[in-house]
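The values are calculated or read from the model by the stated rules, or taken from the named source; none is laboratory data. Fair warning: this is a prediction, and the values are worked out from it, not measured in the lab. Counting neighbours? That spans all protein chains shown, and the Cβs are built from the backbone with ideal geometry, glycine included. Remember, those area values only see protein heavy atoms, side chains included, never the ligands or the DNA or RNA. Shrake-Rupley method; radii C 1.70, N 1.55, O 1.52, S 1.80 Å.
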Amino acid sequence: MGDALLEIKGLSTVFNTDFGVFPAIKDVNLSLKKGETLCVVGESGSGKTITSMSLMQLLPSSGKIASGEIIFQDKDLVKLNRKEMNKIRGKSISMIFQDPMSALDPVYTCGSQITEAIKIHQEVSKEEANDKAIKLLKQVGIPHPETIFHTFPHELSGGMCQRVMIAMALSCNPQLLIADEPTTALDVTVQARILDLLNRIKREFNMAILLITHDLGVVAEMADRVAVMYAGQIVEEADVMTIFKKPKHPYTKGLIKSVPPLHQKDKTLYSIPGSVPTINSMPKGCRFHPRCSFATDVCIEKEPDLRNINNLHTVKCWHINEGV
Ligand SMILES: Nc1ncnc2c1ncn2[C@@H]1O[C@H](COP(=O)(O)OP(=O)(O)OP(=O)(O)O)[C@@H](O)[C@H]1O
Ligand SMILES: [Mg+2]
């Protein structure tokens, strides 16, 4: 497996619904090296959160991993029992969420939530845990950390709460941080500061980050590599420059075309026609074909494989060699 920290192979997760059992993600392959940021990008409903929830084994009771492997530090997480997985979660792998206010517990102070996280995985005295919590608050750029230690989440702004969440996530020196839309709920300037912070701590802690977002601006700011997800499948993966400069999949091209240019006077924005199919109505063939202006008969009938353009660039499309 080379120097991969995480390798997801052929991961499929199904949901039991009123209409039957349907896959929400199918045959997902992803890998992540130490110190690398991989962005998973795609429209709402494309399966980004289900991928991260499967990885953390935090699926709701109606969902389950149907097949695949999640190799993290030579262990297959899919095969671990709840106790073994608890040890990994919050220690080697941490997660931050879109809405920090609701992820933090309103009845405990920020400080006590961080010290609790520290004490779960490390044998330290109360004083040592408190000192470490204050140091972490400082590291994530919180002014007056000794004061903030004693405040409750509702007394802080969204941006400050997200910093507290990040401090909590860092408390055990994770090797992998999963961040699901970590800045979507924040306003633009706060968003930029949180992204800067994530980039800085990634270097300081030599962590890998799996960053989930629908925002290509965030991708441009953060990613080393990008996986584009559509209808529960990865449809293109490459380094960030290739994705922006030489995208091959019509879906990736559509996403990039939907970003308004910086100095656009004319306010008409492009959007990909149609919408992401629901898990019980996946089209046959290429799942993107009903929305694709390049679709031909083969796209309607047969699902394309994820093919290598080169070692570092894969695309799931029948027409990659035709310059679409
Ligand atoms: N508990 C569930 N039961 C049934 N289907 C579900 C459940 N949770 C998610 N899904 C479906 O799985 C698909 C992928 O959802 P997911 O939440 O991963 O999308 P996403 O890419 O994270 O979207 P967003 O950008 O809106 O967060 C969607 O079609 C969604 O409706
Ligand atoms: Mg999501």
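The value of relative contact order for the chain, using C-alpha pairs under 8 Å at least six residues apart, is 20 percent. I'd like to know which of 242, 134, 16 lies farthest towards the positive end of the charge dipole of the chain, counting +1 on Cβ of Lys and Arg and -1 on Cβ of Asp and Glu. Among 242, 134, 16, the one farthest towards the positive end of the dipole of the chain is 242.
Sorting the segments 293-305, 174-186, 52-64 by their mean number of nearby beta carbons within 10 angstrom, highest to lowest, gives 174-186, 52-64, 293-305.
Note on segment 48-109 and segment 160-237: Cα centroid distance 16 Å, given to the nearest whole angstrom. The radius of gyration of the Cα set in segment 101-173, together with its Dmax, comes out at 10.8, 32 angstrom. Each Lys and Arg Cβ is given +1 and each Asp and Glu Cβ -1; about its Cα centre, the chain then shows a dipole of about 360 debye.
In this label model, residue 138 and residue 200 are separated by 1.4 nm, measuring between points 7 Å along each Cα→Cβ vector.
Heavy-atom surface analysis with a 1.4 Å probe gives segment 117-196 a carbon and sulfur content of 55 percent of its accessible area.
The mean sequence distance of close C-alpha pairs (under 8 Å, at least 6 residues apart), as a share of the length of segment 101-173, puts its relative contact order at 47 percent.
For residue 158, neighbours were defined as the other residues whose beta-carbon sits under 14 Å from its Cβ, and their charges (Lys and Arg +1, Asp and Glu -1) total -2. Here each label is just a point 7 Å from Cα along the line to Cβ, and for residue 173 and residue 259 those points are 3.6 nm apart. Judged by the mean number of other Cβ atoms found within 10 Å, the most tightly packed of the peptides 17-27, 105-115 leads the ranking 105-115, 17-27. Spin-label pair residue 308-residue 74: with each label point 7 Å from Cα along the Cα-Cβ axis, the two points sit 2.6 nm from one another. Per residue, the Cα convex hull of segment 139-249 amounts to 120 Å³. Would you kindly calculate the mean projected area, averaged across all directions, of the convex hull enclosing the Cα atoms of the chain, in square nanometres? For the chain, averaging the hull's shadow over all directions gives 18.3 nm².
Please report the relative contact order for segment 197-308, taking Cα pairs under 8 Å with a sequence separation of at least 6, and give it as a percent rounded to a whole number.
17 percent
The helix-only estimate of mean residue ellipticity at 222 nm for the chain, built from DSSP H runs of length n ≥ 4 each weighted as -39500 (n - 2.57), is -9500 deg cm²/dmol after division by the residue total.
The charge dipole of segment 64-165, taken about the Cα centre with unit charges on the Cβ atoms of Lys, Arg (+1) and Asp, Glu (-1), comes to about 300 debye, rounded to the nearest 20.
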